[in-house]
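The values are calculated or read from the model by the stated rules, or taken from the named source; none is laboratory data. As the structure is a prediction and not an experimental result, all values here were calculated from the model. Reconstructed Cβ throughout: ideal geometry from the backbone, glycine too, with neighbour counts over all protein chains shown. Side chains included, ligands, DNA and RNA excluded: accessible areas come from the protein's heavy atoms. Shrake-Rupley method; radii C 1.70, N 1.55, O 1.52, S 1.80 Å.
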Amino acid sequence: MKIAIINGPNLNLLGKREPEIYGNSTFEAYFEELKSEFKELELTYFQSNHEGEIVDKLHEIGFNFDGIILNAGAYTHTSVAIADAISAINTPVIEVHISNVFKREAFRHKSYLSAVVKGIVTGFGFTSYKLALYSFVNA
């Protein structure tokens, strides 16, 4: 089973950025833990701070992967283009957030992606990604 994790803007700063919200670990370190725990899966990881690159990656893998876990970061709340890309592909997408976006600023309560994804996991720290993986494995 091929699963891609795609992270959006500023998530390359995990481990440095707002540790009180996002913790002290880098995503790359966590991704290695996921690969170790889910050896039966072919996991790939992509991060970009650029909306078009995320759209391009969804187009590239959206017809030949078994699942996509997407943390679009701030683009969750602004990007019709990413929502349209998700709608255009066959691969199911799970929207993930490290923090509980509903405990944060009001603008984070609106997601352009939620209506077009398979499901949403929010507020469990890095474990949100693992919960999304479980949903694909146990589907």
Can you report the number of residues in the range 112-134 which are more than 16 Å from residue 86 (Cα to Cα) and charged (D, E, K, R)? 1
Of all residues in the range 17-53 being assigned to a loop (DSSP other than H, G, I, E, B) and within 16 Å of residue 125 (Cβ to Cβ), the one that is least open to solvent (accessible area, probe 1.4 Å): 23
